Amino acid sequence: MSPAMKAIIVTVILLAAGSAARASSEADFKTAFAAADAAEKEAGRLRNQWTTTEAALATAKKAAEAGNFDEAVKSAQDAEALAKASIFQATSEKQRWKAMEIR
């Protein structure tokens, strides 16, 4: 596993573990979901959307619809972390392939 992928995994784990200890509100969910959605749109612009991000966004929406804002916020934060990791992957691989090219 490359150091870059290890960094991605550690980032996803740390962001997922950083959920707040207090009860989340609908406003917290909307804020978290907006951030995740924006990151996912950026990943889409880079043509590197992950299916796991889409699943986390769907889980967040479903939890919010059920009124479980703690789970909804956590899922939205997970989705944001995954989307940011996919952005990192897309941008780093855009540069790294040059080092792998046979000359």
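The values are calculated or read from the model by the stated rules, or taken from the named source; none is laboratory data. Not measured: the values here are computed from a predicted model. All Cβ positions, even for glycine, are placed from backbone atoms using ideal geometry, and neighbour counts span all protein chains on display. With ligands, DNA and RNA removed, areas are computed over all heavy atoms of the protein, side chains included. Shrake-Rupley method; radii C 1.70, N 1.55, O 1.52, S 1.80 Å.
Values for this structure:
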{"quantity": "GLN89 vs. criteria surrounded by 13 or more Cβ atoms within 10 Å (Cβ to Cβ), assigned to a helix (DSSP H, G or I) and not charged (D, E, K, R)", "calculated": "yes"}
{"quantity": "Residue tally, condition within 14 Å of ALA34 (Cα to Cα) and open to solvent by 60 Å² or more (accessible area, probe 1.4 Å), over the stretch 59-68", "calculated": "1"}
{"quantity": "Scope the stretch 14-32; condition modelled with pLDDT under 65, closer than 13 Å to ALA76 by Cβ and outside any loop (DSSP other than H, G, I, E, B); matching residues", "calculated": "ALA16"}
{"quantity": "Unmet criterion (only one of (1) part of a helix (DSSP H, G or I); (2) open to solvent by 60 Å² or more (accessible area, probe 1.4 Å); (3) of a type outside the set (Val, Ile, Thr)) for GLN49", "calculated": "(1)"}
{"quantity": "Close pairs from the stretch 24-42: first under 19 Å from ASN68 (Cβ atoms), partner outside any helix (DSSP H, G or I) and of a type outside the set (S, T, N, Q), Cβ under 8 Å, at least 6 apart", "calculated": "ASP28/ALA20"}
